[in-house]
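Just so it is clear, none of the values below were taken in a lab; they were calculated from the coordinates. Since the structure is predicted, the reported quantities are computational estimates derived from the model, not experimental observations. In this analysis, Cβ positions are derived from the backbone assuming ideal geometry, glycine residues included, and neighbour counts consider all displayed protein chains.
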Amino acid sequence: MAEQPIERQPRDVLPEVKDVIAVASGKGGVGKSTVAVNLALSFVRMGKTSGLLDIDVYGPSAPTMFGIFEQPRTTPDHKLLPLEKYGLSLMSMGFLSTDDTPIIWRGPMVHGLVNQFLHQVDWGALDALVIDMPPGTGDAQLTLTQVAPLSGAVIVTTPQEVALIDARKGLKMFQKVNVPVLGIVENMSHFACPHCGEGTYIFSKGGGRSTAEELGVPFLGEIPIDPEIVVGGDQGEPIVIRHPDSPAARAFHAVAERTLAELARIQAQTAQARAAVGKMKW
Ligand SMILES: Nc1ncnc2c1ncn2[C@@H]1O[C@H](COP(=O)(O)OP(=O)(O)O)[C@@H](O)[C@H]1O
Ligand SMILES: [Mg+2]
């Protein structure tokens, strides 16, 4: 029997946010948070009001990546106010926990937390909210795809075959819940020699692009390996802020532009289809 597609809830959360973009990966450590952060900041640079929701319950990284270690304030009606940095509105699991004890999240707890985060943060009006998803394709991820009104998903992978296999799984999860996949980003794609600029493809070349082609989704771009990304990530200064003209920052800007272009294309297509249905005589 063919599997039934899972129904998504109608849009009753984040009504003031125009587009909600999930950044996901099949496995951890591929640079999902790095891509989410630099994508959200690239949107700010493009003149968009933008937010970042770090809901990676297994390893929230926004506090370190932005150098923010304060607790968010609450409004009189008990909503959480996002923190602000570099023109970006920010909310992270990590802003709320007070110690380093890892928490073992079980399905229902994750569900409750995700709901709370989506309902109880006062984002105000935003053009785009980027969600840093937990890695993988388990319950936590599925809950998010069902509760959050996702406009689309960006899948992050590295060039190794193991990461690409997991990226395919991630992509299929979004397709199953009818969330458009905006495309694949290949992170840590190659190393550009600081002396001559020549790119060395340390793992293998073209895996992200060929996986995107094979699965029929756009390839959003390659992000090079840049040690400054690690330093910036540890010091609260993401690469697009730290070195806005570096090849890595420019690669992030290009990915951001392609992501928004793909979103616009999908939305125009949907609007056209709706209009066509509207004109039908029943
Ligand atoms: N393009 C890159 N070049 C160099 N280091 C990177 C790059 N992307 C990510 N990193 C580093 O790799 C580590 C994992 O990245 P992170 O974004 O935290 O991954 P994830 O969220 O998928 O677990 C971090 O130390 C980060 O600074
Ligand atoms: Mg992360």
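Go through 154-166, 244-256 and give me the packing order, highest mean Cβ count within 10 Å leading.
Working: 154-166: 22.2, 244-256: 19.9.
Going from most to least packed, we get 154-166, 244-256.
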Enumerate lysine pairs in the range 17-279 that are 8 or more residues apart or on different chains, then count those whose Cα atoms are under 24 Å apart. 19
Assigning unit charges at the beta carbon (Lys, Arg +1; Asp, Glu -1) and nothing else, what dipole magnitude in debye, to the nearest 20, does the range 17-279 show about its Cα centre? 920 debye
Simple SL model, points at 7 angstrom along Cα→Cβ for F69 and A125; separation in nm is 3.8 nm
Extension gain, F203 back to Q146 (0.36 nm per residue minus Cα-Cα distance, nm): 17.1 nm
Would you mind computing, in nm to one decimal, how far apart the modelled labels at A273 and Q175 are, each placed 7 Å from Cα along Cα→Cβ? 1.5 nm
From the C-alpha gyration tensor of the range 122-223, pull out the three semi-axes of the equivalent ellipsoid (sqrt of 5λ each), sorted largest to smallest, in whole Å. 28, 17, 12
Farthest toward positive dipole pole in the chain [+1 Lys/Arg, -1 Asp/Glu at C-beta], among G94, V179, V277: V277
Rank by packing, highest mean first: peptides 55-66, 169-180, with packing defined as the count of other Cβ atoms within 10 Å averaged across residues. 55-66, 169-180
Give the separation of the Cα centroids, the range 146-185 to the range 189-232, in Å. 18 Å
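Assuming a ≥ b ≥ c are the square roots of the Cα gyration tensor eigenvalues, decide whether the chain counts as rounded (a/c under 1.5), prolate (otherwise, with a/b larger than b/c) or oblate. Could you put the intermediate results ahead of the total?
Values: a/c = 1.44, a/b = 1.08, b/c = 1.33.
Here the chain falls in the rounded category.
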